[in-house]
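Colleague: Before anything else, here's the structure in question.
The values are calculated or read from the model by the stated rules, or taken from the named source; none is laboratory data. These numbers were taken from a predicted model, which means no experiment stands behind them. Using ideal geometry, Cβ is built from the backbone for each residue, glycine included, and neighbour counts are taken over all protein chains shown.
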Amino acid sequence: MTGTTVFNVPMPADLKALKGMSPIVIKQPYQIDYIHSYGQDSPFFAGLSNGKLLGTKCRKCDYTWANPRLACTHCGRETEWVEIPQSGRVHTFTTCYFGGEEFLKETPFHLVLVEFDGVDTLFLSRLIGPVEPEEIRIGMKVKAKFRRNSQLKPSDVYFVPAE
């Protein structure tokens, strides 16, 4: 390419050559303080910080959610907070070889959908303990564990094999 180079960035003499130019990539630090309200789900996170799994239940439909809902998705009535079991079974699972910033250094890690007796929905969480996916099986009994120092995040709870 003929033209000029300033600050290691080439500029072709013929502007038609710009379409063939390689992208300029820069690296810069980025930091932000993010303020988020859990709003109606605040009791769920208060439960996690106190070693409890809280879900919601519709007293009319008798439907229980492991992931809280303010109102019943069937009849629209307001739900009530209930404590759900801390032990259940693996309904399905996946092994993640890439994760967001919070989990990136823990890759690979396992995510499970846990089913609980008396609860109509599944609960997504990490499974810690097994190293290889072959060690996990559908129907495997698991129990909840809680971070000693709550960060008021969904990752405050995780599951381990109960067997």
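Colleague: In the range 40-54, which residues are touching a helix residue (DSSP H, G or I) at 6+ places or on another chain (Cβ under 8 Å) and under 17 Å from Cys72 (Cβ atoms)?
Modeller: Within the range 40-54, just Leu54 meets the criteria.
Colleague: Given the criterion at pLDDT 95 or above, more than 15 Å from Tyr158 (Cα to Cα), among the aromatic types (Phe, Trp, Tyr) and within 19 Å of the chain's Cα centre (by Cα), identify the matching residue among Trp81, Trp65.
Modeller: Of Trp81, Trp65, the one residue that is at pLDDT 95 or above, more than 15 Å from Tyr158 (Cα to Cα), among the aromatic types (Phe, Trp, Tyr) and within 19 Å of the chain's Cα centre (by Cα) is Trp65.
Yes/no matrix, rows are residues, columns are (1) in a loop (DSSP other than H, G, I, E, B); (2) closer than 29 Å to Gln151 by Cα:
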site	(1), (2)
Ala17	no, no
Ile26	yes, no
Ser37	yes, yes
Pro43	no, yes
Gly55	no, yes
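Colleague: Return a yes/no flag: does the range 84-104 have any residue that is at pLDDT below 95, part of a helix (DSSP H, G or I) and more than 25 Å from Pro43 (Cβ to Cβ).
Modeller: Within the range 84-104, one or more residues are at pLDDT below 95, part of a helix (DSSP H, G or I) and more than 25 Å from Pro43 (Cβ to Cβ).
Colleague: Can you tell me which residue within the range 143-163, out of those that are farther than 17 Å from Leu54 by Cα and of a type outside the set (D, E, K, R), is nearest to the chain's Cα centre (by Cα)?
Modeller: My answer is Val160.
Colleague: Residues to consider are Gly47, Gly100; find the one that is loosely packed, with under 10 Cβ neighbours inside 10 Å, within 28 Å of Ile128 (Cβ to Cβ) and not hydrophobic (A, V, I, L, M, F, W, C).
Modeller: Only one candidate qualifies: Gly100.
Colleague: Residue check, Thr64 against (1) touching an Asp or Glu at 6+ places or on another chain (Cβ under 8 Å); (2) β-branched (Val, Ile, Thr); (3) surrounded by fewer than 13 Cβ atoms within 10 Å (Cβ to Cβ), all met but one. Which one?
Modeller: (3)
Colleague: All but one of (1) touching a Cys at 6+ places or on another chain (Cβ under 8 Å); (2) part of a strand (DSSP E or B); (3) not acidic (Asp, Glu) hold for Met11, so report the exception by its number.
Modeller: Against the list (1) touching a Cys at 6+ places or on another chain (Cβ under 8 Å); (2) part of a strand (DSSP E or B); (3) not acidic (Asp, Glu), Met11 comes up short only on (1).
Colleague: Only one of Glu135, Glu102 is acidic (Asp, Glu) and without any contact (Cβ under 8 Å) to a residue 40 or more places away in the chain; which?
Modeller: From the options Glu135, Glu102, the qualifying one is Glu135.
Colleague: In addition: Quick check on Gly118: is it at pLDDT 95 or above and more than 12 Å from Phe93 (Cβ to Cβ)?
Modeller: yes
Colleague: Moving on. If a residue must be closer than 17 Å to Arg89 by Cα and in contact (Cβ under 8 Å) with a residue 24 or more places away in the chain, how many such residues does the range 138-163 contain?
Modeller: The qualifying residues number 13.
Colleague: Against the definition (among the hydrophobic types (A, V, I, L, M, F, W, C) and loosely packed, with under 15 Cβ neighbours inside 10 Å), how does Leu124 come out, yes or no?
Modeller: yes
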